[in-house]
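The values are calculated or read from the model by the stated rules, or taken from the named source; none is laboratory data. Nothing here was measured: the structure is a model prediction, and the numbers come from that model. A quick note on method: Cβ atoms are made from the backbone with ideal geometry, for glycine too, and the neighbour counts reach across all protein chains shown.
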Amino acid sequence: MINMSKPSIGFCVKLLLVLGVVFGIHITILSYLGLPLFDNYILASYSVNYVLAVAIYITLYKLRIKYLDLLGFAFMGGSFIKFAVYFIFFNSSFKENGNVSFNEAISFLSPYLTCLMIETFYLIKLLNSKDLRG
């Protein structure tokens, strides 16, 4: 089991809550429009983005003491990994019919952008922290 600190647990819980709300809104809009609720790998998109965001945050949190000046680059590397996962696993499935539809794009971008905003907020909070030891 990963030894998680209080800030890491707080991040995980808050991210899960925010993603849950965004997912609920997403599903509600799809239902209102009469579109299939669980097409376009929507559950996988939310799950993968959550797991990657948590992994990136925990990595940044663990690196904060020794490599504080490199956290921004580590964060960008994490974003690169997220895009790599998208292009390797999701994009090929989305392009089976020759193009990526709006619904397919939104099913990935909604959780991606939500996680990105929360990660950015927490990275700023981490960088501005007076006590970098945790």
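Go through (1) among the aliphatic types (A, V, I, L, M); (2) under 20 Å from ILE124 (Cβ atoms); (3) not in a helix (DSSP H, G or I) and name the single condition LEU35 misses.
Here LEU35 meets the rest and fails (2).
Across region 1-18, which residue is nearest to the chain's Cα centre (by Cα) among those that are touching a residue at least 40 places away in the same chain (Cβ under 8 Å) and closer than 24 Å to TYR86 by Cβ?
LEU15
Which one of these is of a type in the set (A, V, I, L, M, F, W, C) and farther than 28 Å from GLY24 by Cβ: ALA105, ALA74?
When all the criteria are applied, what remains is ALA74.
Can you tell me which residue within region 19-50, out of those that are touching a residue at least 12 places away in the same chain (Cβ under 8 Å) and hydroxyl-bearing (Ser, Thr, Tyr), is surrounded by the fewest Cβ atoms within 10 Å (Cβ to Cβ)?
By that ranking, first place goes to TYR41.
Test of understanding: among SER107, SER47, SER93, which residue is modelled with pLDDT under 90, part of a helix (DSSP H, G or I) and within 19 Å of the chain's Cα centre (by Cα)?
It is SER107.
Which pairs have Cβ atoms under 8 Å, sit 6 or more apart or on different chains, and link a residue in region 83-107 that is closer than 13 Å to ASN40 by Cα to one that is of a type in the set (Phe, Trp, Tyr) and loosely packed, with under 10 Cβ neighbours inside 10 Å?
Close Cβ pairs (under 8 Å, with a partner that is of a type in the set (Phe, Trp, Tyr) and loosely packed, with under 10 Cβ neighbours inside 10 Å) do not exist here.
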